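For reference, the structure is listed below as structure tokens.
The values are calculated or read from the model by the stated rules, or taken from the named source; none is laboratory data. Remember, it's a predicted structure, so these values are computed and weren't measured experimentally. No Cβ is skipped: glycine too gets one built from the backbone with ideal geometry, and neighbour counts run over all protein chains shown.
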Amino acid sequence: MRAAQVVHPLLAQALGKDIAIHVSCWDNSQAGPSDAALRIRLVRRRALRRLFWSPNELGFARAYVSGDLDVDGDLFAGLSQLERIVSSGYGTELAKDPATKRTVLAAAFRLGGVGLPPRPPREEVTLRGRRHTVSRDSEAITHHYDVGNDFYELVLGPSMTYSCGYWASDEGADPLTDAQYDKCDLVARKLALANTKRVLDVGCGWGTFVVHAAREYGARAVGVTLSHEQAEYARKWVADEGLNDLVEIRVQDYRDIDDGPFDAISSIGMAEHVGMAMLPTYAADMYKLLAPQGRLLNHAISRRPGGSQHTSKTSFIGRYVFPDGELEPLGVMVGSLEEAGFEVRDVESLREHYALTLRAWVANLEQHWDRVVRLTTIGRARVWRLYMAACALAFQTGRIGVNQTLAVRTDDRGGSGMPRTRGGSFA
């Protein structure tokens, strides 16, 4: 019997009868409906060994990143089928019961796919030491962000913004860049920035928001990041804009900032790296760094309540993308801010906006595929394609969300400095 005739019923059993799947294999055999949305191609026999030793999300990811397995056709359509059974971040087991695992073993023997576990792709990382120490957090950030600024320019586009855009419109010459600067403006309005304000951007990335805050609002801005490559890029951008008198970029952990108070703090896509255990410290530090009536804009991805806050050891995201990343339910984040002394004034969900942002990043990656591969590795490019496409679907279906939480440090008399009504503005 040819390979596809053995593999197809095995995958169909593991994934469930509700998911139609087409399988093609290294011996040019095929099985399953030709019009199936999920089209898996086992490029090399080694893919079986990867799935045999890790019959879960991690095994699938290792096979995909290494090129032993591919998803043919529309990647979003194929992943949308897997997304129905995979819990993002929790390393879902594909072989759920002993009978299925015995079937996996028997199929692997028949096809000559049994042997020692293959070495994981070099893009996989396992951090050591205690979680969320300053040194381990720095290592985690370096793994993800120090891929090369040229790589990020191709994927993120001219705005160099690695967080959810604000899609007021999807028209225009460059909708993604427009959405990112509209997001910067949304944050600036919520923080009521003006030329009298001193603003701290925690996790400033390549400097987009601090440059925008100084250039458009005249604010005096400090941006901090743990990535040396980001800081180097941001400093050059600041200098090129002639903003050295208004903007300072530091390589610094948020726990080490000691030159408050600031009139406003933006934290855009940074809190995901903090971790549940460190949320009280994070919230307390943000509170101490603010002047009375100072505002915090906390922009962070959230998960649904329930389950573990830690990504599983067999999670693709945890091993390849965001080591030590932890998503908290919105209520946990709000509670931590309130316990630190903040008054939470506004929460806005941007979930659908992130799905659009991620699809735009995938389009950029695919458009510049050959250059991306030359700048990094084929494995790294495949990591990013899989991760961004899967996350776009997770936001689209509501498995995860993203929220902007606006909080204020009231003064001794309870004064917030906030307007009684929005009126289209938070100033």
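Tabulated results
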| item | result |
| --- | --- |
| Complete set of residues in region 187-232 that are in contact with a helix residue (DSSP H, G or I) (Cβ under 7 Å, 6 or more places away or on another chain), in a loop (DSSP other than H, G, I, E, B) and either crowded, with 19+ Cβ neighbours inside 10 Å or modelled with pLDDT of 95 or more (or both) | Leu193, Cys204, Gly205, Trp206, Gly207, Ala219, Leu226, Ser227 |
| Residues of region 155-175 satisfying the condition of being assigned to a helix (DSSP H, G or I) and either under 17 Å from the mean Cα position of the chain (by Cα) or not assigned by TED's automatic domain parsing to the domain that holds Leu356 (or both) | Val155, Leu156 |
| Residues (part of a strand (DSSP E or B) and hydrophobic (A, V, I, L, M, F, W, C)) located in region 233-271 | Val247, Ile249, Val251, Phe262, Ala264, Ile265, Ile268 |
| Restricting region 372-382 to residues that are surrounded by fewer than 23 Cβ atoms within 10 Å (Cβ to Cβ), in contact (Cβ under 8 Å) with a residue 60 or more places away in the chain and not charged (D, E, K, R), the residue that is farthest from Pro323 (Cα to Cα) | Leu375 |
| Val321 being within 15 Å of the chain's Cα centre (by Cα) and β-branched (Val, Ile, Thr) | yes |
| Residue match in region 160-172 (condition: among the aliphatic types (A, V, I, L, M), at negative phi, surrounded by 20 or more Cβ atoms within 10 Å (Cβ to Cβ) and modelled with pLDDT of 95 or more) | no |
| Enumeration of residues in region 10-27 that are surrounded by fewer than 16 Cβ atoms within 10 Å (Cβ to Cβ) and in contact with a strand residue (DSSP E or B) (Cβ under 9 Å, 6 or more places away or on another chain) | Ala20 |
| Contacts under 6 angstrom Cβ, first residue in region 317-345 being within 16 Å of Leu296 (Cβ to Cβ) and not assigned by TED's automatic domain parsing to the domain that holds Leu191, partner modelled with pLDDT under 95 and in a helix (DSSP H, G or I), 6 or more apart | none |
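Table: residues versus (1) surrounded by fewer than 22 Cβ atoms within 10 Å (Cβ to Cβ); (2) among the hydroxyl-bearing types (Ser, Thr, Tyr); (3) more than 19 Å from the chain's Cα centre (by Cα).
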site	(1), (2), (3)
Glu328	no, no, no
Val334	yes, no, yes
Asp346	yes, no, yes
Gln396	yes, no, no
Val402	no, no, no
